[in-house]
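First up is the structure itself, then whatever we jot down about it.
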Protein chains: 2
Amino acid sequence: MKVIDNIQRMAMFSKILKKESKTIGFIPTMGYLHDGHLSLIKTAKKHTDVAVVSIFVNPKQFLPGEDLDRYPRDLKRDEEMARLAGGDVLFNPSAEDMYPDGYATYVDVERLSNTLCGNTRPGHFKGVTTVVMKLFDIVKPDIAYFGQKDAQQSIIVKKMVEDLNMDIEIKVLPTVREKDGLAMSSRNIYLSEKERKDALCLNQALNKAEAAVRSGERSAAKIIKIMEGIVKEKSTAKIDYIEAVDIKTLSQVDTVSSGTLLALAVFIGKTRLIDNTILN
Amino acid sequence: MKVIDNIQRMAMFSKILKKESKTIGFIPTMGYLHDGHLSLIKTAKKHTDVAVVSIFVNPKQFLPGEDLDRYPRDLKRDEEMARLAGGDVLFNPSAEDMYPDGYATYVDVERLSNTLCGNTRPGHFKGVTTVVMKLFDIVKPDIAYFGQKDAQQSIIVKKMVEDLNMDIEIKVLPTVREKDGLAMSSRNIYLSEKERKDALCLNQALNKAEAAVRSGERSAAKIIKIMEGIVKEKSTAKIDYIEAVDIKTLSQVDTVSSGTLLALAVFIGKTRLIDNTILN
């Protein structure tokens with residue numbers, strides 16, 4: 001596996017691939033890879049000639065006081081895992097290379113960036129769209145892969161690509177879960193044994209909500225109430241938000257239907273976890 | 001000359017050119033072409049295989065109350081002029097195609113966009129960088145051409161391209177002037193006979209300022225005073241701003257030197273005109 005830590009070399013490498021009419025599949029990550037990332041890499045490898053995995057803990061998408069400094073990092077481990085999954089290139093630029101002194105340009109998707117996680121983490125998605133735009137310009141992918149766990153992120157990136165007429169296909173793959181249902185996340189490593197058990201409440205709340213919908217419940221307020229009940233049973237859990245929104249506009253719905261996104265963010269101790277499901 | 005009025009067709013046409021390893025020179029304009037635009041087209045034709053001229057009166061860069069509705073438009077005339085100058089493709093998308101319902105994505109270059117014209121026209125450059133980003137993604141140029149008359153615009157576009165790692169070269173060509181020194185502008189057509197004479201004060205103020213610098217004057221305040229004096233002699237002229245700024249940061253300087261940008265915007269009657277010079 002080729003490791004590139006410099007923007008210019010990555011851009012040149014991709015430019016040569018494009019000249020050779022090779023297709024590029026791109027998996028942007030913050031590293032500390034898990035099976036969710038690996039499923040994206042494996043799929044990219046099936047669809048395209050060259051799978052590029054980026055690892056960049058993007059400071060612009062962390063708010064002051066969040067876990068930027070303690071976010072888990074292990075490049076050797078990531079390199080090995082990405083290679084075994086079929087990754088061809090690992091791109092890990094430095095923050096100084098990505099945001100040199102005097103950096104000033106931001107990409108913002110209005111409205112969609114201000115709800116759900118964007119409401120409780122203001123500025124987060126502006127950081128995401130800015131870094132994704134930079135990475136797209138450097139890596140020049142034909143297809144970029146995102147996980148359904150970060151539902152809002154992929155909806156916003158799709159909107160950015162559409163609005164700015166970028167010639168890139170965005171593919172969103174299903175959330176990969178631990179055997180007991182916890183959505184895979186690099187942040188799960190923060191959890192104590194007790195917290196790890198309590199963290200199941202996110203998936204359990206979604207399961208209960210889906211069961212209620214199957215039984216005929218359509219009131220968003222009642223479904224959210226059910227989910228709140230599940231989460232509040234856990235002593236280490238604190239709700240950041242639980243919402244039922246339209247999958248396209250991300251605006252709240254009163255009545256759930258096919259295409260409603262149920263999404264929640266919960267602090268388990270100090271660790272903020274997210275999960276979601278799309279009703280069908 | 002090929003005329004394309006549809007984003008998808010333009011994007012496809014450029015994609016095919018890139019596949020054929022043709023280089024693309026791009027001249028984004030708001031139409032009503034003049035010799036300034038034509039010098040950009042002629043230069044693009046020298047440097048690259050295919051010269052693409054876009055004509056799009058971008059609503060996002062006009063403020064409420066500005067001249068969006070009366071901005072001069074004449075596609076037949078523009079097509080003929082662009083063709084004679086060597087243009088290969090004229091791209092004129094509709095506003096509905098560029099900004100469909102629900103459009104939400106903006107590119108903003110902070111700081112540089114808030115001084116000079118950005119100070120008196122807040123939001124203007126956000127509209128410019130957003131449309132230029134879209135046009136770059138559609139047209140896929142190797143080199144894009146801008147005029148020195150819009151000095152701040154080209155500085156901001158250069159910064160955007162650099163910050164976002166876009167693989168596009170920005171070339172800025174000298175301001176083209178009428179015989180009597182007035183900088184060419186599509187907006188000059190708004191001027192009455194009397195205003196057309198008064199409009200010379202922009203270039204005259206810059207000439208006087210340069211003469212003062214040649215005579216040893218280095219105080220920005222004194223040089224601005226000299227320029228103000230020239231403009232205020234004209235009955236139809238009203239100063240929007242006159243500033244001496246660093247060419248890179250666009251922040252005001254107290255002492256002028258090589259690399260200082262002298263820039264001014266003046267209302268001549270209802271018509272807002274700009275001009276500038278870089279001291280050397």
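Tabulated data for the structure shown
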read-out	value
Cα point-scatterer Debye curve for segment B:225-274, base-10 log of I(q)/I(0) at q = 0.23 Å⁻¹	-0.83
Paramagnetic reach from B:I278 (point 7 Å along Cα→Cβ, amide N under 14 Å) across segment B:244-262	B:245-250, B:257-262
Spin-label zone in segment A:184-213 - amide nitrogen under 11 Å from a point set 7 Å from the Cα of A:D74 along the C-beta vector	A:189
Accessible surface ranking that places the most exposed of B:V213, A:V89 first, with a 1.4 angstrom probe	B:V213, A:V89
Förster radius 56 Å - calculated FRET efficiency between A:K179 and B:A221 (Cβ-Cβ, nearest 0.05)	0.15
Rounded percent of accessible protein surface that carbon and sulfur make up, segment A:186-275, 1.4 Å probe	50
Span per principal axis, largest first, for the Cα atoms of segment B:186-275 (Å)	37, 26, 16
Exposure of B:I224 as accessible area (Å², to 10), given a probe of 1.4 Å and all protein chains	30
By accessible area with a 1.4 Å probe, ligands and nucleic acids excluded, highest first: order of A:E96, A:E243	A:E96, A:E243
DSSP H segments from chain A that extend 20 Å or more along their own axis, Cα-based, with Kyte-Doolittle mean of 0.5 or above	A:124-139
Where the protein assembly as shown is the region considered: accessible area per residue in Å², 1.4 Å probe	44
Linear extension gain, B:Y103 paired with B:E210, 0.36 nm per residue minus alpha-carbon span	34.0 nm
For segment B:120-197, convex hull of alpha carbons as volume per residue, Å³	119
Cα→Cβ-extended label distance, 7 Å offset, between B:I16 and A:T249, nm	4.0
Pseudo-label separations to other copies for A:K22 - Cα-to-Cβ vector, 7 Å, nm	2.7
Mean projection area, nm², convex hull over Cα of the protein assembly as shown	28.3
At least 20 Å² accessible surface lost relative to isolated chain, residues of segment B:126-145 (1.4 Å probe)	B:M133, B:K134, B:D137
For the pair B and A, total buried accessible area rounded to nearest 100 Å², probe 1.4 Å	2300
Chain A - percent relative contact order, Cα under 8 Å, separation 6 or more	17
Average beta-carbon neighbours from other chains, 10 Å sphere, peptide B:100-112	6
Mean residue ellipticity (222 nm) of chain B, computed from DSSP H runs ≥ 4 via -39,500 (n - 2.57), nearest 500	-11500 deg cm²/dmol
Listing of segment B:160-179 residues, each with accessible area lower by at least 10 Å² in the full protein assembly than in the chain alone (probe 1.4 Å)	B:D163, B:L164, B:N165, B:M166, B:D167
Efficiency of FRET between B:D67 and B:A95 - r from beta-carbon atoms, R0 25 angstrom, step 0.05	0.95
Kirkwood Rh, angstrom, segment A:2-173 [1 / mean 1/r, Cα pairs]	16.3
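The values are calculated or read from the model by the stated rules, or taken from the named source; none is laboratory data. Please read all numbers here as calculations on a predicted model, not as lab measurements. Note: ideal-geometry Cβ built from the backbone for every residue, glycine included; neighbour counts use all protein chains shown. Keep in mind that these areas ignore ligands, DNA and RNA; they rest on the heavy atoms of the full protein, side chains included. Shrake-Rupley method; radii C 1.70, N 1.55, O 1.52, S 1.80 Å.
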